[in-house]
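What follows is a set of notes on a single structure, which appears directly below.
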Amino acid sequence: MSSEKAADGRTTRGERNRQALLDAAYDLIAEGNLAPSSQEIAQRAGVGLRGIFRHFGDMEGLRAALDERTTPQGAAQFASGNREGSFRERLLHAVEQHAVAYEDQGNFFRAMQIDRWNSEVLRRSYDRDNHRLRKDLEDWLPELKSLSPHRREAVDAAASFEAWQRLREHQHQSVEASIDIVYDMIKVLMTAP
């Protein structure tokens, strides 16, 4: 075998191993292992533990690569949906669309909550995602721009993943009931004198 073919084979195997590690981290989190260890990721990927450090430098590098993978999908879910109609129709559509995204991406939000205190990558991602959600809600509801600063912050709190998580996990509300509750909270905040 020529040295050129051997180098191509190593490059292809390296790319395959890198992707396997990313897939393993993604799958573990999606399945509910919110803080998978480097050993768990390597074992799931069928790659030696050193592969994480060879391909990503450290776990922070792996988090950054995983964030690059998950961000477009999450952003697309929040950005879609019907943004037409009356205030109440748009509000309902926004809450429903957020519910779909929160339910689908919930384990990634939870994983971010767990590790962001120890990860600069996840802190930046969390801040970026919250800023994006705030802007996205304004696209649904331009009326938000006329609220007082305190009311505007209250709407963001009501629309947040943290509020959704509390309703679903701690207060044991169904998806439908949680949508109704978030809708009512935001409607009151936006229409009360």
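The values are calculated or read from the model by the stated rules, or taken from the named source; none is laboratory data. Treat the numbers as computed from the prediction; the structure is a model and nothing was measured. Using ideal geometry, Cβ is built from the backbone for each residue, glycine included, and neighbour counts are taken over all protein chains shown.
Scan region 76-95 residue by residue and report those that are closer than 16 Å to ASP156 by Cα and among the hydroxyl-bearing types (Ser, Thr, Tyr).
Matches in region 76-95: none.
Restricting the search to region 116-133, which residues are surrounded by fewer than 17 Cβ atoms within 10 Å (Cβ to Cβ) and either over 12 Å from the mean Cα position of the chain (by Cα) or at pLDDT below 90 (or both)?
TRP117, ASN118, GLU120, ARG123, ARG124, HIS131
Go through (1) touching a Ser or Thr at 6+ places or on another chain (Cβ under 6 Å); (2) closer than 23 Å to GLU84 by Cα one by one and return the number of the condition PHE108 breaks.
Evaluating PHE108 over (1) touching a Ser or Thr at 6+ places or on another chain (Cβ under 6 Å); (2) closer than 23 Å to GLU84 by Cα leaves (2) as the failure.
Looking at (1) surrounded by fewer than 18 Cβ atoms within 10 Å (Cβ to Cβ); (2) under 21 Å from the mean Cα position of the chain (by Cα), can you tell me which one LEU137 breaks?
Among (1) surrounded by fewer than 18 Cβ atoms within 10 Å (Cβ to Cβ); (2) under 21 Å from the mean Cα position of the chain (by Cα), LEU137 violates only (1).
Exactly one condition in (1) in a helix (DSSP H, G or I); (2) more than 22 Å from ALA64 (Cα to Cα) is not met by VAL121; state its number.
Answer for VAL121: the failing condition is (2).
Counting only residues that are within 23 Å of ARG116 (Cα to Cα), of a type in the set (Gly, Ala, Ser) and either loosely packed, with under 14 Cβ neighbours inside 10 Å or outside the structural domain of MET112 (by TED's automatic domain parsing) (or both), how many does region 62-87 have?
1
In region 36-54, is there at least one residue being modelled with pLDDT under 95 and touching a Phe, Trp or Tyr at 6+ places or on another chain (Cβ under 9 Å)?
Within region 36-54, one or more residues are modelled with pLDDT under 95 and touching a Phe, Trp or Tyr at 6+ places or on another chain (Cβ under 9 Å).
Can you find a residue that is assigned to a helix (DSSP H, G or I) and touching a Ser or Thr at 6+ places or on another chain (Cβ under 9 Å) anywhere in region 8-26?
yes
Out of curiosity, is VAL182 of a type in the set (A, V, I, L, M), crowded, with 17+ Cβ neighbours inside 10 Å, free of Cβ contacts under 8 Å to residues at least 60 places away in the same chain and in a helix (DSSP H, G or I)?
For VAL182, the condition - of a type in the set (A, V, I, L, M), crowded, with 17+ Cβ neighbours inside 10 Å, free of Cβ contacts under 8 Å to residues at least 60 places away in the same chain and in a helix (DSSP H, G or I) - is not met.
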